[in-house]
1. Any residue at all in the stretch C:192-207 that's among the small types (Gly, Ala, Ser), open to solvent by less than 10 Å² (accessible area, probe 1.4 Å) and more than 23 Å from C:Asn376 (Cβ to Cβ)?
2. Please pick out the residue among B:Lys160, B:Lys165 that is within 20 Å of B:Tyr295 (Cβ to Cβ) and either surrounded by fewer than 20 Cβ atoms within 10 Å (Cβ to Cβ) or not hydroxyl-bearing (Ser, Thr, Tyr) (or both).
3. Provide a single number: the residues in the stretch C:290-309 that are under 23 Å from C:Arg70 (Cα atoms), aliphatic (A, V, I, L, M) and out of contact with any Ser or Thr (no Cβ under 8 Å at 6 or more places or on another chain).
4. Name the single residue, out of those in the stretch B:386-403 being over 19 Å from A:Asp315 (Cβ atoms) and open to solvent by 50 Å² or more (accessible area, probe 1.4 Å), that is nearest to the chain's Cα centre (by Cα).
5. Kindly evaluate C:Asp153 against the criterion of being crowded, with 24+ Cβ neighbours inside 10 Å, more than 19 Å from the chain's Cα centre (by Cα) and charged (D, E, K, R).
6. Which of the residues spanning the stretch A:226-237 are at pLDDT 70 or above and β-branched (Val, Ile, Thr)?
7. Of all residues in the stretch A:127-156, which are assigned to a strand (DSSP E or B) and among the polar types (S, T, N, Q)?
8. Can you tell me which residue in the stretch A:316-326 is farthest from the other protein chains (Cβ to nearest Cβ), limited to those that are out of contact with any helix residue (DSSP H, G or I) (no Cβ under 8 Å at 6 or more places or on another chain) and either outside any loop (DSSP other than H, G, I, E, B) or buried (at least 17 other Cβ atoms within 10 Å of the Cβ) (or both)?
Amino acid sequence: MTAKARPSLRHIVSINDLTNREIEIIFDVAQAYLDELPDPNLSYRIGRSTDIASKFILASLFYEPSTRTRLSFESAMLRLGGDIITSADPATSSAAKGESLADSVRVVSNYADVIVIRHPRDGAARLAAEYAAIPVINGGDGAHEHPTQTLCDLFTLKKKNKHLKNLKIAISGDLRGSRTIHSFVYALARFGAIIDPMAAPGMELPAHVHRRLKEEYRCELVSRTDESGAIDALYVTPDEPHQQSLFSGPEVDYGVIMRQKIDAVYVTRFQKERWADKNQEYPRIDAKFLKDSKYSHASVMHPLPRVGELDAAFDTDNRAMYFQQAAYGVPIRMALISLLLEIRKDRSLQKFEGGFDTPKLTLYEQPLATGIRCANKNCIVHEPMEAQYVRNKFQIVKNETNTDCRLRCFYCENDIDHFVVGSKKSQWFSDDPLTLLRPADQGVKDLVVFASAEDAAVAGYHPKHSTSSRSRASS
Amino acid sequence: MTAKARPSLRHIVSINDLTNREIEIIFDVAQAYLDELPDPNLSYRIGRSTDIASKFILASLFYEPSTRTRLSFESAMLRLGGDIITSADPATSSAAKGESLADSVRVVSNYADVIVIRHPRDGAARLAAEYAAIPVINGGDGAHEHPTQTLCDLFTLKKKNKHLKNLKIAISGDLRGSRTIHSFVYALARFGAIIDPMAAPGMELPAHVHRRLKEEYRCELVSRTDESGAIDALYVTPDEPHQQSLFSGPEVDYGVIMRQKIDAVYVTRFQKERWADKNQEYPRIDAKFLKDSKYSHASVMHPLPRVGELDAAFDTDNRAMYFQQAAYGVPIRMALISLLLEIRKDRSLQKFEGGFDTPKLTLYEQPLATGIRCANKNCIVHEPMEAQYVRNKFQIVKNETNTDCRLRCFYCENDIDHFVVGSKKSQWFSDDPLTLLRPADQGVKDLVVFASAEDAAVAGYHPKHSTSSRSRASS
Amino acid sequence: MTAKARPSLRHIVSINDLTNREIEIIFDVAQAYLDELPDPNLSYRIGRSTDIASKFILASLFYEPSTRTRLSFESAMLRLGGDIITSADPATSSAAKGESLADSVRVVSNYADVIVIRHPRDGAARLAAEYAAIPVINGGDGAHEHPTQTLCDLFTLKKKNKHLKNLKIAISGDLRGSRTIHSFVYALARFGAIIDPMAAPGMELPAHVHRRLKEEYRCELVSRTDESGAIDALYVTPDEPHQQSLFSGPEVDYGVIMRQKIDAVYVTRFQKERWADKNQEYPRIDAKFLKDSKYSHASVMHPLPRVGELDAAFDTDNRAMYFQQAAYGVPIRMALISLLLEIRKDRSLQKFEGGFDTPKLTLYEQPLATGIRCANKNCIVHEPMEAQYVRNKFQIVKNETNTDCRLRCFYCENDIDHFVVGSKKSQWFSDDPLTLLRPADQGVKDLVVFASAEDAAVAGYHPKHSTSSRSRASS
């Protein structure tokens, strides 16, 4: 009776594992739980009339500190009538003895019905999902993603604005290290938002996130000089980008955008644990900053915890929505758990497929010892304990014009742009990345990707024609 | 649906948050749970016939080690049919990322229905109660108080002696660092006990506790020389001091007191974590010590854990009551939780107001940057993470003759005797503490208290007449 | 209402606390839980139709890291409808304040109905059982035993082989430090297995385990030289040794044994935490090793976690049974808990006594300060925090021919062979160990055992005749 995956098994590792339609279904179910409350302004005994998760168990596997995410997931499961088992501290778990995550989730698949995982490594949740026989929910993996936080954020925005279309959202702080931001901007782009990035110096969105916004969600990065001469830039996204894969961008009316009020300012903490320089300059949001008339109706949001970047004196302002965001954690997670466990008779994630679909990308896969490895040193593939369990796995992503392609790490989703491609059969290699695209799907199996011509040569491969950039032009 | 406080919201931060009558009600409910047991000597499946806390959640927020308090609260909640969520280790909670307690309890107010908190800082539980939207129970805050331990202690005494009036109780060990002792002596005084303090050298009751016993509970500190010439001192309290605010002390019959047997010896652990010198001389209670005929019927009590100060060889003596005390933790906490959650239809803390009432004291309050700060360095107001959330708050306590007053920290309840008082409007200051008492309530808002004339001068205030002590005499 | 032990109180500290018949009963009950599953290959919602542990509480007291054991016990309790309270980290429990285990389990006996304990010290679980008023289950104590892992292991073997008789089992790795191995080999011997020890260099079975296999379970250690000239050794056990205390060994047919296929290879982790040299040579089991035809039908087992000694590439081989072992943790522990709590109306551990019975051995007992102490430095008796709670306790074990005897520590079960025996009454001592056997049971109380003649002399005892070895020969 080793846990065997159910046919309909779903994992929520990235916000992009959910379509827009599915996100709306989750919100409907969350709202249904809220509607049961005697006082809609009071979470007091939410779920008192339901017991649908009875005899189901949620396992919290937390390899990094958490209060909000873990306790709200556990509260949600209990409110549904279910039970919880918790490993909150890697120092007291078998990880302290050197156990791999892959082994741990396979074992825990026999003890529980759904796993929530938090881990310091980017991509750890995807690895867990590869090995688990029960649904895995990503409770935050390194600087990668935090999709359930984004569900709370979007729900907060929807409740406030009645809809999620064409909102104008400013995001402030550590846009690079904040996994919350990464899930959030993908979702915003998918719902057609205008995103105003206000990064701390050196903490801009990571290159791969930026590029994905542009290429997959068709965001246009619009620069402008404001009255004071400062240069500003906005991501402007079309409506429903996911339904318009050939969409070439609307005629952006800058004047309209300039006059729009900001719907929300989303503030994030300086993720000290992910940066070497802990004394970095960092923007502080307070009543003075928010006095600008463009923020007059802005929801002020924060995933929390905060450590000074958002003034506590602002808490009594009725634009402050961050405790509301945290409060929605329970109904949102109740909804997500019930849908993943398929215990709501009336609603299911399986029945509605519309909306955003992750593009089907060809997968390149090799044993860990072979060829190129993810360049992100914090990616789970670099964790020594997982060396026996991960492979070099990349999705092959082409650009819009089919003139170039890059590799996206299957786990952490960071990009690799420069590489050479070898053929096992013929033992040649080429620096033309499009080599990866030309063969049929099964053809990928013949190919080995190396980080450089030197690496390919060391492995005994020979250059096809030349290693100059001419080969790319000629393809 | 951010958690909004219910109108009848109560917190148990100090034993003085409960009246004597309310304590008796808690005991009645606890006894009712005990009466359900098939064998009154067996805790086996206490609560098997009740499910009244079903779908309620207790959150344990423990920032300091605990076994007894946390597990007995959790057991109590489960025995009532409720559920629990637990943060047992600050290193794995968002506190590790620098989150304030104030933010944490506001967030957790949305995930649970009642919070039990333990914290190394004095006064932390009061801060938590200020921000929580659900009942906060103090599970021990620094060297301040531990009121639910006192409820177990009093219940043990009541079960043994049938009543709580006029008991003679010896308290031994670290009377200064033990929060348990502080809650206990307040309660003993309020029930009219004679308290025999047997402090380890240098570990006497803190000055503010001593003074409170004398001034608020009308304890008379009676010194006497025993046959061997040693000087002894006892706190002798009148019956029901809370009902007799003008009570001036009975004619104490020393002879009677001398002849009384000790009803209980309460032993406490050396609170190593709160003292610099870890190798301090410390009294050890054992069978030999307890051979004295005055202890022949004494209950020997200890809040546990013990670390050598109470001989394990004494465990089989039928005066040993410490495991009994620990055992009562479950029914007592079941009672307290049911009453705070208002889920017992038959009993409520709200309906009975008689007994001890905390005196209504005027509150002095300023932003943290302004004026005098609590002198207790372990007070929660000195915790950097809370700097945005605490204020300088003091209750103004006058002496019996209305000739002097002092400041009591709203959080840790330590006293400040020496200060000067300034007026914002007129920019003068005076070293007459009674200045604080003279204005009407709203008048306090005009006043700023400084630790010294120097501080006041630095802040730009000028002495009223002179800074000599004459001003006090002339008032 | 201090917790009072029920008359039928049972603890599971060693696999030898259960008879063979009782083990079979546990398996029957575990199978009954499995039979309820809609899909026997799926643990999904095991126990959905039962609620028999409702309002019972399991306390996890873990003083050492664990994922599998703790979470599977907790899952089992929840699947039965019960509740859990957890102390997963000694750093956040009262142990951090210096509380003894003896005090902790007495206290927790009032908060729960059954305790699972894990501890780094050998014999800690026996100490806990001495003081607890509720059943204690050993979840692993130092290098001593891990009986519930053995139940999972045996159940896995039984499900695969339909029976447990005469199996041939290879055990690989750290046979010395692995508590799992110790419980396992006792059980194998009791069910008549042939054990093929494949120890890492210097990690052979401890001497006391080896001797116990030989003397108590009548295992014959058979050496042989294989074709390649290498020396091999096997433990060959008779059928049902426990029923044949006078059994002198069958005529072992080496030819038959040589031709037998291995039924299972049991791999164990290098218990780094129990060894000084962390870089020790260690056998690695992989597909290549298992290619040998004698392993062609062998189950490959591992208690997990693994850290490299068992190749992850082997996971897809259908001989790999280790995740199956882990999966059986839930039904096995559900069965054990239900039987210990006596909540299965149909089955009970109390009603079936047949099978293995621990031999009744005379107990020698003295205060900790008196005479010989356990020689195993990791034994719980050497834990300073327990100094007030443990005694020098040894079982007196004679050899088969009644010509010698040794002391077995009551807690960790390590042996002491060399000692001298003194008589309190006459103040003599003798180096003849049989002195311990000669007196009637009450006579043991007069005797004091010392580690050496020097120690006896220091204590004021005088040699009886001489301290030479002649005295033993003359007895």
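The values are calculated or read from the model by the stated rules, or taken from the named source; none is laboratory data. These numbers come from a predicted model, not from an experiment. Methodologically, a virtual Cβ is constructed for each residue, glycine included, from the backbone with ideal geometry; neighbour enumeration extends over all protein chains shown. Areas reflect the complete protein model, heavy atoms only, side chains present, ligands, DNA and RNA absent. Shrake-Rupley method; radii C 1.70, N 1.55, O 1.52, S 1.80 Å.
1. Yes, the stretch C:192-207 contains at least one residue that is among the small types (Gly, Ala, Ser), open to solvent by less than 10 Å² (accessible area, probe 1.4 Å) and more than 23 Å from C:Asn376 (Cβ to Cβ).
2. B:Lys160
3. Result for the stretch C:290-309: 1.
4. Taking the candidates together, the pick is B:Lys398.
5. Criteria not met by C:Asp153.
6. A:Val236, A:Thr237
7. A:Asn138
8. It comes out as A:Thr316.
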